[in-house]
Amino acid sequence: MFLEINHLEKVYHTRFSKEQTRALQDVDFKVEDGEFIAIMGESGSGKTTLLNILATLEKPTKGSVILGGQDITKIKENKLASFRLHNLGFVFQDFNLLDTLSIRDNIFLPLVLERKSYKEMAQRLDELAPQLRIEDLLDKRPFELSGGQKQRVAIARSLMTKPQLLLADEPTAALDYRNSEDLLELFEDINLDGQTILMVTHSANAASHARRVLFIKDGRIFHQVYRGNKSTKEFGKDISLAMSALLGGE
């Protein structure tokens, strides 16, 4: 099994009282290598906390996260940055690009941190640029790009290190419908190439591009649906019905 989330629990304690907030309760699921999974739920349901734990940005109160045979919740603090760099890719809704650098240099950043040679970085970018349709953007600066172009650049940067797992947090939230569709189709293409993707989203349309959708409610896995051979439109209807049940408490 590629990724195992075992009985995760996360409890937050208020600083000056004995009150507790249980963000996650017995979250337990598995991810196969090469899957594309979306995670949905209301605000406050626990999906962001789950993503933060998978990203090694937070530690669970109980439980384990096994990625490629390693419990990532046990990694020492001084080794976490290196682990993230070599194993995880991140795509956020706000792009996180540096306007002072060219697009090429923004994309090179992860491999610069790894002290890779320019030749190696350029070779990897030559592989990614055509797939992400960014060949004509490399000498520009982020402020010259549209939102959709910026997000494609952010994806390229996240894939430079060939991560085991790509984590996406509301990647279409800042995009219009057309750019969102373009981005999600890119995610599908990347996934078909073997990249494992886990995406948190509020959008049933975005989730319909995944192969499986997990629904979280009150810190627990409430339900899941599989796409199978359905179109994104058909799968979107299944997702909307599941979300209605979740919101209605059924």
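Where a number appears in this text, it was derived from the coordinates with a stated rule and is not lab data. Note that this is a predicted model, so its numbers are computed, not measured. As a convention, Cβ positions derive from the backbone with ideal geometry for all residues, glycine included, and neighbour counts pool all protein chains shown.
Just a few scattered comments:
- Projected onto planes of every orientation and averaged, the convex hull of the alpha-carbon atoms in segment 20-93 covers 6.0 nm².
- The chain: calculated mean residue ellipticity at 222 nm from DSSP helix runs of at least 4, using -39500 (n - 2.57): -12000 deg cm²/dmol
- Three semi-axes of the equivalent ellipsoid, segment 188-250, Cα gyration tensor, whole Å, largest first: 21, 14, 9
- FRET efficiency, 1/(1 + (r/R0)^6) with R0 30 Å, evaluated for His86 and Lys62 via beta carbons: 0.65
- Here the convex hull built on the C-alpha positions of the chain has a volume of 145 cubic angstrom per residue.
- The distance separating the Cα centre of segment 40-59 from that of segment 219-237 comes to 20 Å.
- Taking only alpha carbon atoms, segment 106-165 gives an Rg to Rh ratio of 0.95, where Rh is the Kirkwood radius.
- The slack between Gln123 and Asp189, meaning 0.36 nm per residue of separation minus the straight C-alpha distance, is 21.7 nm.
- FRET efficiency for Lys140 and Lys74, using Cβ-Cβ distance with R0 set to 45 Å, rounded to 0.05: 0.60
- Segment 51-161 pair-distance distribution - Cα-Cα, 5 Å bins, rounded %: 2, 11, 21, 20, 16, 13, 10, 6, 2, 0
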